[in-house]
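Colleague: Below you'll find the structure I mean.
The values are calculated or read from the model by the stated rules, or taken from the named source; none is laboratory data. Quick caveat: nothing in here was measured; it's all calculated off a predicted structure. Methodologically, a virtual Cβ is constructed for each residue, glycine included, from the backbone with ideal geometry; neighbour enumeration extends over all protein chains shown.
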Amino acid sequence: MEGAIFTIPGLDMARLADPMAAFFFAMLRIGSFLIASPMFGGRFVPLPVRIIASVCLALPVAGQPGFPDAEALARLSAVPMMMSELAVGLTAGLVLTVLFAAAGLAGDRIANAAGLSFAMQFDPSAGGQSPVIAQIFGLAMMMLFLGTDGHLAALRIVLDSYASHPPGATPDLDVLVGAGVTAGGMMFALASALMLPAVAGLLVLNLAVGVMTRSAPQLNLFSVGFPLTILAAIILLWLTAPQMMTGLEGVVDAGLQMIDGVLPRAAEGR
């Protein structure tokens, strides 16, 4: 029609404020978990990948009821709610990271007992030098975690935690701190179980070499005992490899069970 003016209807941005606020609030717990978790939080994972993963994982939970609206998040009272979400996500990720450190600790102790502590290499995940055996154990732990779909189970536990721990609910700090302390104790216990077969064999060998060099001083400790200890360490690692993988699988199960039990109890009054 001649002279008619066609206009495009405007988009009411005010209606998007509440869904976007709920979406970004859901990213707090998930994003903090990804930053602190053993695999997603590694230095080898670029920051854009973590952000995209947080966005994709927040989509299924952002539509659930219970998230604060944009007006509630604009107030100063929203700061404790945000800190609570960060505390819950960081606790879940750090518990897994602490327990998974049992593999590296066991490898480090075995390297020291075998005289291979000097065989250091740059570890990109830790950002420093670490023994090669510790890095091998860490890679085995990571491959087992991925191969058994442990990462999917961990993400499922975090996503399901919105039902047991409502968004913005104040967590019980005693439960969160107790989870960290318990994870530290379990780390040393699991590392001791992993390294005990190899370290016990090397200890017996070192005692035998000490007695041998004491009775025959012409047998130099560095020329005889050192190569023998390294050879024995390699043989022991080869013989105990099946049991080592079973122990690493137990570490994965212990980590998943721990965060599955901690997150529901972290809600206030539980």
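Colleague: Can you pull out the residues in the range 25-70 that are more than 15 Å from the chain's Cα centre (by Cα), among the aromatic types (F, W, Y) and modelled with pLDDT of 80 or more?
Modeller: F25 - this is the single residue of the range 25-70 that is more than 15 Å from the chain's Cα centre (by Cα), among the aromatic types (F, W, Y) and modelled with pLDDT of 80 or more.
Colleague: Might you check whether a residue that is without any contact (Cβ under 8 Å) to a residue 60 or more places away in the chain and either polar (S, T, N, Q) or not in a helix (DSSP H, G or I) (or both) occurs anywhere in the range 89-105?
Modeller: Taking the range 89-105 as the starting set, the residues that turn out to be without any contact (Cβ under 8 Å) to a residue 60 or more places away in the chain are 90, 104.
Then keep just the ones that are either polar (S, T, N, Q) or not in a helix (DSSP H, G or I) (or both); that gives none.
There is no residue in the range 89-105 that is without any contact (Cβ under 8 Å) to a residue 60 or more places away in the chain and either polar (S, T, N, Q) or not in a helix (DSSP H, G or I) (or both).
Colleague: If you don't mind, there's one more thing I want to ask. Kindly list the number of the only condition in (1) more than 22 Å from L237 (Cα to Cα); (2) among the hydroxyl-bearing types (S, T, Y); (3) at pLDDT below 85 that fails for S130.
Modeller: (1)
Colleague: Is it fair to say F118 is modelled with pLDDT under 85 and more than 21 Å from P46 (Cβ to Cβ)?
Modeller: Details: modelled with pLDDT under 85: yes; more than 21 Å from P46 (Cβ to Cβ): yes.
Yes.
Colleague: Out of L139, L86, L73, I need the residue that is modelled with pLDDT of 75 or more and closer than 25 Å to A163 by Cβ. Which one? Spell out how you get there, then give the answer.
Modeller: Details: L139 fails: closer than 25 Å to A163 by Cβ; L73 fails: modelled with pLDDT of 75 or more.
The conditions single out L86.
Colleague: Of the conditions (1) within 22 Å of L256 (Cβ to Cβ); (2) aliphatic (A, V, I, L, M); (3) without any contact (Cβ under 8 Å) to a residue 12 or more places away in the chain, A74 satisfies every one except a single condition; which number is it?
Modeller: Only one criterion in (1) within 22 Å of L256 (Cβ to Cβ); (2) aliphatic (A, V, I, L, M); (3) without any contact (Cβ under 8 Å) to a residue 12 or more places away in the chain is unmet by A74, namely (1).
Rundown of residues vs (1) touching a residue at least 60 places away in the same chain (Cβ under 8 Å); (2) farther than 26 Å from G104 by Cα; (3) touching a helix residue (DSSP H, G or I) at 6+ places or on another chain (Cβ under 7 Å), yes/no style:
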site: L152; (1), (2), (3): no, no, no
site: Y162; (1), (2), (3): yes, yes, yes
site: H165; (1), (2), (3): yes, yes, yes
site: F188; (1), (2), (3): yes, no, no
site: A191; (1), (2), (3): yes, no, yes
site: M195; (1), (2), (3): yes, no, yes
site: A198; (1), (2), (3): yes, no, yes
